[in-house]
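Here the structure is laid out as structure tokens; the discussion comes afterwards.
The values are calculated or read from the model by the stated rules, or taken from the named source; none is laboratory data. The model shown is predicted, which means the values in this text are computed figures rather than measured ones. Note that we place each Cβ from the backbone using ideal geometry, even for glycine, and neighbour counts take in every protein chain shown. Remember, those area values only see protein heavy atoms, side chains included, never the ligands or the DNA or RNA. Shrake-Rupley method; radii C 1.70, N 1.55, O 1.52, S 1.80 Å.
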Amino acid sequence: MRAEQDYDVLISGAGMVGAALGLALQRAGLRVAIAERRSESLCAAADPLQRSSLVNAGAGAFLAEQGVDVASLGTAVVGMRVWDAENAGSIQLDAADVDAPLLGHICENQRLEQELRTAFGAAGGTLLFDCQWQSRYLDQDAIELADAQENRYRGRLLAIAEGRQSSLRQQLIQSSILREDYQQEAIVATVQVERPHGGIAYQRFLPTGPIALLPFANDAEGRPQASLVWSARTLMARQLFALDNEQFLHRLQLAFGPQLGVLRGIGPRGKYPLSALHVNRYVQERVVLLGDSAHGVHPLAGLGVNLGFRDVVSLSNVILAALRTRQDFGQRQVLLAYQRERRPDNLLTVATCGGLNHLFSNRSPLLARLRDLGLWGTSMTPPLKRFFIRQAMGL
């Protein structure tokens, strides 16, 4: 016999953003179910690439309110060093400049996801692995979905947090989508370094794309490590990826410089194509997009997951405010408050990250001069510098 289950909110996608939304709403007293297409064992398996994200201070504070301590899962970031490889422009952004202890934490994606899913289950939420929902029907009171076994799930709202290739978004959201292919790929890995990072995140802009080496926990033998994200034009990235470890580290050392001393070793490498995405419409009746299902940015500023967490905060606040005023939070007119709040920020960030990538990824002398002036001007203007620090912190 097929099961029929009723919930307040259905969430498709149990990654960091979907799990965070489910946790916040479940703790607020709603009945929440999350469907995850991956198996439980695959979700729990260690990531050999140790892919990581910068969870800024604002997102960290929100997660702490939900009972998830990011500090216990990641490595503190107290400052950033950003410079142009071919010119003199550079800037230092330090949490101490705004009387703060840190900018955020570098967390392994898999560890943070698992912690959020565990907390969601402990709060009483329903987590369905190996589950891919398909839309069945929508009425004035609920949306109904079904899994491959024809089990049915009804909810007052469906939140889609499946990622950029979301199938439910394609089924349910009628909207134009802005897309841009950067013609770059990012190589990710964990690198053993000679000098301790001291909580500093480094980013060097090259004409072929930016290199970031981010603070990461020491390895099992206590040797310092950094998390690498090297973005390069597609052909170059594929050539780099094909090198053996010794050759790759040599090229990385030449491209990055001596800031962390000798680069001594590297773990497994992965790569993925880089592009931008922004969905024009986030909401329809009883359906809402958030995280990478709504927007995707270049990784150069480490803002992607933080935009998703800001979506979670905004959507949670809209839903809970509707409950307090006895409104139906699944109605499009109510959900539009979330779209009005998040769309400008997300669209601006997508455009800014893409613009910065284009600005730095070239050898134009005029643009090089503009880059230097911009970095120098920001560095020498304390109020502007403090503004960028607080933006990086998500405050």
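Side notes on the structure shown:
- Relative contact order (%) - the chain, alpha-carbon pairs under 8 angstrom, separation at least six: 21 percent
- Cα gyration tensor shape for region 1-43, rounded if a/c is under 1.5, else prolate or oblate: oblate
- Mean ellipticity per residue at 222 nm, deg cm²/dmol - from DSSP H runs of n ≥ 4 across the chain, formula -39500 (n - 2.57): -11500 deg cm²/dmol
- Highest average packing first - 104-114, 305-315, 217-227, Cβ atoms within 10 Å: 305-315, 104-114, 217-227
- Taking Asp147, Asp130, Asp244 as the candidate residues, the one with maximal mean-square fluctuation in a Gaussian network model of the chain, Cα springs under 10 Å, is Asp244.
- Extension reserve of the Arg340-Asp130 stretch, reckoned as 0.36 nm per residue once the Cα distance is removed: 72.2 nm
- Gyration tensor (alpha-carbon) shape descriptor, region 154-258, a/c threshold 1.5: prolate
- Using alpha carbons only: equivalent-ellipsoid semi-axes of region 45-150, gyration tensor based, whole Å: 38, 18, 16
- Excluding ligands, DNA and RNA, the accessible surface per residue across the chain is 44 Å² with a 1.4 Å probe.
- Hydrophobic long helices, here whole DSSP H runs in the chain with Kyte-Doolittle means of at least -1.0 and Cα atoms spread over 27 Å or more along the helix axis, are found at 304-324, 332-360.
- Share of carbon and sulfur in the accessible heavy-atom surface of the chain [1.4 Å probe, %]: 51 percent
- Accessible area (Å², 1.4 Å probe, nearest 10) - Arg195: 120 Å²
- Protection-proxy order for peptides 206-214, 121-129, each taking the mean of Cβ atoms within 10 Å per residue, highest first: 206-214, 121-129
- Working ranking of peptides 70-79, 287-296 by packing, defined as the average number of other Cβ atoms within 10 Å per residue, highest first, is 287-296, 70-79.
- Near the amide H of Arg136, within less than 5 Å, lie the amide hydrogens of Glu144, Leu145, Ala146, all on another chain or at least 5 residues away, with H placed in the peptide plane.
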